[in-house]
1. Can you report the number of residues in the stretch 84-100 which are under 37 Å from the mean Cα position of the chain (by Cα) and over 16 Å from residue 11 (Cα atoms)?
2. Residues of the stretch 154-175 being at pLDDT 90 or above, out of contact with any Gly (no Cβ under 9 Å at 6 or more places or on another chain) and away from ligand 1 (no atom under 16 Å from the Cβ), which ones?
3. Just to be sure, is residue 404 among the small types (Gly, Ala, Ser), within 30 Å of residue 281 (Cα to Cα) and not in a helix (DSSP H, G or I)?
4. May I ask you to list pairs of residues, at least six apart or on different chains, whose Cβ atoms are under 6 Å apart, with the first in the stretch 133-151 being closer than 21 Å to residue 281 by Cα and the second being at pLDDT 95 or above and not in a helix (DSSP H, G or I)?
5. How many residues are over 23 Å from residue 243 (Cα atoms) and of a type in the set (Asp, Glu) when one looks only at the stretch 366-411?
6. Just a yes or no: is a residue in the stretch 415-431 more than 16 Å from ligand 2 (Cβ to nearest atom), among the aliphatic types (A, V, I, L, M) and crowded, with 21+ Cβ neighbours inside 10 Å?
Amino acid sequence: MFNKRTKIKDLLAQKPEGQQVTVMGWVRTFRNNQFIALNDGSTNNNIQVVAGLGKFGDELLKRITLSASLKVTGTLDPSLGKGQTMDLNATAIEVLGDSDAEKYPLQLKNRPTLEYLREKAHLRFRTNTFGSVFRVRHALAFAIHKFFNDKGFVYMHTPIITGSDAEGAGELFRVTTLPFDKPPRNDDGTVNFKEDFFGKSTNLTVSGQLEGELAATAFGDIYTFGPTFRAENSNTARHLAEFWMIEPEMAFYDLEDNMNLAEEFIKYIIKYGMENNREDLEFLAQRLAEEEKQLPQDKRSEMGLIEKLEFVLNNSFERLTYTDAITILKDSNHNKKKKFQYEITGWGMDLQSEHERYLVEKHFKKPVILYNYPAAIKAFYMRQNDGCAEGQQTVAAMDILAPGIGEIVGGSQREERLDKLEARMKEMHIPVEEMWWYLDTRRFGTVPHAGFGLGFERMVQFVTGMTNIRDVIAFPRTPGSAEF
Ligand code: ATP
Ligand code: MN
């Protein structure tokens, strides 16, 4: 058996009393031809392997280089040196894989930048920063499943290839097997998708919500957690062309129930990370503090990462209507001094990211839930609020805005009344006939229901303090880039 090894994380939790152990990992440093810092990805902490002088031949020692992989057996003893509590005194060292230190792309001593590491994404997991980020990402994914499982939600796998555009936003990646240089055409010159693989035009999903609603109206509570794709050409620090989304959908929920669940959910994920990944978060907090030292004083965060997460856990999110938000923005000094790039034109306007960030970071200084948006700027399936003034029709939508990130959750109560839904779809030119399956939930035992979508990477950004979304997904897909 090859894989009889102790993980370094578990090793470091043991009491060193001369017990024999085997570890395997990659060399981080090798000092004085004697001390090897070995890392196996279970923690950022290395085990100090001591290759006692004279015990190993020069041929072997020469092969202990940066990022070479080793199998080491030895005894775990209290350390004589400073900086670590235990040493692994090697009795056997085997080089599993050599590494030419001169050619190794990540020379840790010159502190590669995050931008540089993005180009070496195949190796960046071997750095402390990305070790921490991806262990935290894993833990948060696990926490998400645990949260819903404990509440009796059913995990639904909604299709990746779909024939519908949930948002009607048209930011779709088409899926086709037709020859793109000479596709079959209809008499009017348009492409004949009847001859395509699925007999119709299909695309990668932008959201699993519509299918999620079908399941929620049978199971009550469901969630999805899967990849979503948007061909939006936004080259920002918070948009990916391929990202992971969590979409719970709950029958017998109104907008307030929805907001309550979303807030509880976000806090649960953060708390889970704080309790289970403390070491990684402390490392990331330090990293962020270092990074922010480069920024001018007014651009630095008021709180450290850990402090920020604790603050979010211990305070309720500010809830206010879109209409109130517009008033605050209009009356703000920021607006009066014309400091917004996009003017506050008044009720009905779509909020830009700078407006959202003003509310969250400058005005309330905490996460904010905005709700009851104008119908005109939201999707067709959102529930139309009753009793709105003429020209001020709102829908029961809500967005959660987080400091440093902006929108992290988008959700709504869904329109469960068939007549209202159909009327809205016609107004918005959504093909009612094609959506017969969706409308059937409103025909047979319709119920009030609601749901939301949380962008997983934005959540990971928030918890890890990473400023660019490309640094919290292993192999980012963005406009012009699909490497690895
Ligand atoms: P934004 O205005 O930031 O583009 P959106 O309104 O398009 O967001 P929704 O359609 O409501 O977002 O999607 C739900 C959630 O998915 C968002 O709250 C966000 O957390 C996440 N999200 C949306 N688009 C992206 C993207 N391109 N990359 C990463 N996450 C995204
Ligand atoms: Mn978007």
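1. Total satisfying the criteria: 6.
2. 155, 161, 174, 175
3. Details: among the small types (Gly, Ala, Ser): yes; within 30 Å of residue 281 (Cα to Cα): yes; not in a helix (DSSP H, G or I): yes.
Criteria met by residue 404.
4. 133/472; 136/277; 139/277; 144/246
5. Counting residues in the stretch 366-411 that are over 23 Å from residue 243 (Cα atoms) and of a type in the set (Asp, Glu) gives 2.
6. Initial filter on the stretch 415-431 (more than 16 Å from ligand 2 (Cβ to nearest atom)): 415-431.
Going one step further and asking which of them are among the aliphatic types (A, V, I, L, M), we end up with 418, 421, 423, 425, 428, 430.
Pick out the ones that are also crowded, with 21+ Cβ neighbours inside 10 Å and you get 421.
Checking the stretch 415-431: at least one residue is more than 16 Å from ligand 2 (Cβ to nearest atom), among the aliphatic types (A, V, I, L, M) and crowded, with 21+ Cβ neighbours inside 10 Å.
A quick yes/no check of all residues on (1) within 30 Å of residue 395 (Cβ to Cβ); (2) loosely packed, with under 14 Cβ neighbours inside 10 Å:
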| position | (1), (2) |
| --- | --- |
| 299 | no, yes |
| 340 | yes, no |
| 345 | yes, yes |
| 351 | yes, no |
| 355 | yes, no |
| 372 | yes, no |
| 380 | yes, no |
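Condition check ((1) on the phi > 0 side of the Ramachandran plot; (2) of a type in the set (Val, Ile, Thr)) across all residues:
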{"residue": "218", "(1), (2)": "no, no"}
{"residue": "222", "(1), (2)": "no, yes"}
{"residue": "234", "(1), (2)": "no, no"}
{"residue": "252", "(1), (2)": "yes, no"}
{"residue": "272", "(1), (2)": "no, no"}
{"residue": "275", "(1), (2)": "no, no"}
{"residue": "285", "(1), (2)": "no, no"}
{"residue": "294", "(1), (2)": "no, no"}
{"residue": "297", "(1), (2)": "no, no"}
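The values are calculated or read from the model by the stated rules, or taken from the named source; none is laboratory data. No experiment lies behind these values; they were computed from the predicted model shown. Glycine gets a Cβ as well: all are built from the backbone with ideal geometry, and neighbour counts include every protein chain shown.
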